[in-house]
1. Taking into account only those residues within region 197-250 that are in contact with a Cys (Cβ under 7 Å, 6 or more places away or on another chain) and modelled with pLDDT under 80, which is surrounded by the most Cβ atoms within 10 Å (Cβ to Cβ)?
2. I'm checking my understanding of the structure. Among residues of region 41-68 that are assigned to a loop (DSSP other than H, G, I, E, B) and among the polar types (S, T, N, Q), which one is nearest to residue 210 (Cα to Cα)?
3. Could you grab me the full set of residues in region 189-211 that are among the hydrophobic types (A, V, I, L, M, F, W, C), touching a Ser or Thr at 6+ places or on another chain (Cβ under 9 Å) and on the phi < 0 side of the Ramachandran plot?
4. Among the numbered conditions (1) touching a residue at least 24 places away in the same chain (Cβ under 8 Å); (2) within 27 Å of residue 73 (Cβ to Cβ), tell me where residue 168 comes up short.
5. Pick from region 50-79 the residues that are of a type in the set (D, E, K, R) and over 23 Å from the mean Cα position of the chain (by Cα): which of them is surrounded by the most Cβ atoms within 10 Å (Cβ to Cβ)?
6. Tally the residues that are at negative phi and either surrounded by fewer than 15 Cβ atoms within 10 Å (Cβ to Cβ) or in contact with a helix residue (DSSP H, G or I) (Cβ under 9 Å, 6 or more places away or on another chain) (or both), restricting the search to region 34-49.
Amino acid sequence: MEFQLLLLCSVWALGVCAEQEVENLSGLSTNPERDIFVVRENGTTCLMAEFAVRFLIPYDVLALNGIDLITEQTSVAIPRGAQIAGKCGPSESELQISWAAQAFNFHIYFSKEKRVQGSDGKAPEAEVWKINRVQLVYDTSENTHFINAYNPGKHTASTHRLSALVTPAGRSYVCAAQQTLTLISSDHQKGVTVSIYDIQIQPFDINADFVFSEPYKCVTDQREQLEQTLPLVLGLILGLIIVITISVYHFHLKLNAAHTQQPTLPRDRSLYKNM
């Protein structure tokens with residue numbers, strides 16, 4: 001009995017030692033659509049997420065004939081006053097966001113794993129983190145967004161076998177471009193669209209409080225940066241070619257002019273005395 005009591009006290013003490021705090025810092029964002037969420041453990045940041053997100057949720061309404069059902073869609077964003085919760089772990093982390101009196105609950109699950117680099121499978125393993133699951137619980141009885149919803153109630157929309165935002169361990173994922181996920185809802189298998197953009201997320205290995213680690217840019221941003229830089233590089237190369245061409249032409253003209261002004265000596269030596 002004493003051993004069990006001691007064990008319970010130890011578990012309780014561990015829970016206190018690993019106390020976690022959450023902060024919604026969205027009010028600090030200069031973009032009204034971008035949210036900032038922080039999870040802290042023992043006074044140190046263990047998960048940071050900054051992103052803008054919008055949900056496109058289909059729901060049924062009764063047609064004017066009172067018999068048929070029509071599918072409508074509502075667009076939902078996370079408000080500034082959303083409540084958050086979170087969990088941090090060595091290989092699994094979680095961020096939970098809820099708003100509108102718990103009518104909406106958005107969950108993002110992160111995991112860390114080792115992957116073999118290279119297509120041949122011979123390269124050494126590298127540790128990465130990713131989003132392995134996204135879930136949205138929504139209540140169509142919330143009449144601000146779901147107007148005249150038929151048979152209102154709670155539904156759960158989730159991803160299946162997700163591997164998104166794969167990022168090397170110890171780095172933060174950065175992407176300005178829009179990332180789109182489709183969740184399958186318990187409401188007759190309807191597809192809920194989640195559009196996330198202007199992203200910077202890091203759920204593991206944060207070294208400094210409230211500071212992201214080295215960014216890892218998404219492929220779309222890298223491509224866009226290349227598309228923006230390439231015309232500048234080509235312009236510089238073309239300008240350099242033009243300068244070189246003009247310089248060579250100018251040198252050629254000076255060389256011809258010097259050759260034309262040089263006096264021509266007669267080939268017949270008998271003519272030298274008349275010079």
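1. By that ranking, first place goes to 221.
2. Of the residues in region 41-68, the ones assigned to a loop (DSSP other than H, G, I, E, B) are 42-43, 63-68.
Filter once more, keeping what is among the polar types (S, T, N, Q): 42, 65.
Details: 42: 14, 65: 56 Å.
In this case the residue turns out to be 42.
3. Of all residues in region 189-211, those among the hydrophobic types (A, V, I, L, M, F, W, C) come to 192, 194, 196, 199, 201, 204, 206, 208, 210-211.
When the remaining residues are screened for being touching a Ser or Thr at 6+ places or on another chain (Cβ under 9 Å), the result is 192, 194, 196, 201, 204, 206, 208, 210-211.
Of everything in region 189-211, those that are among the hydrophobic types (A, V, I, L, M, F, W, C), touching a Ser or Thr at 6+ places or on another chain (Cβ under 9 Å) and on the phi < 0 side of the Ramachandran plot turn out to be 192, 194, 196, 201, 204, 206, 208, 211.
4. (2)
5. Residues of region 50-79 that are of a type in the set (D, E, K, R), as a first pass: 50, 54, 60, 68, 72.
So of that shortlist, the ones also over 23 Å from the mean Cα position of the chain (by Cα) come out as 60, 68, 72.
Working: 60: 20, 68: 9, 72: 15.
Of everything passing the filter in region 50-79, 60 is surrounded by the most Cβ atoms within 10 Å (Cβ to Cβ).
6. Our first condition is that a residue be at negative phi; within region 34-49, this holds for 34-41, 44-49.
Of the ones still in play, those that are also either surrounded by fewer than 15 Cβ atoms within 10 Å (Cβ to Cβ) or in contact with a helix residue (DSSP H, G or I) (Cβ under 9 Å, 6 or more places away or on another chain) (or both) are 34-37, 44.
Residues meeting the conditions: 5.
The values are calculated or read from the model by the stated rules, or taken from the named source; none is laboratory data. On a predicted model such as this, the values are computed, not experimentally measured, just so you know. Heads up, the Cβs are rebuilt from the backbone with ideal geometry, glycines too, and the neighbour counts pull from every protein chain shown.
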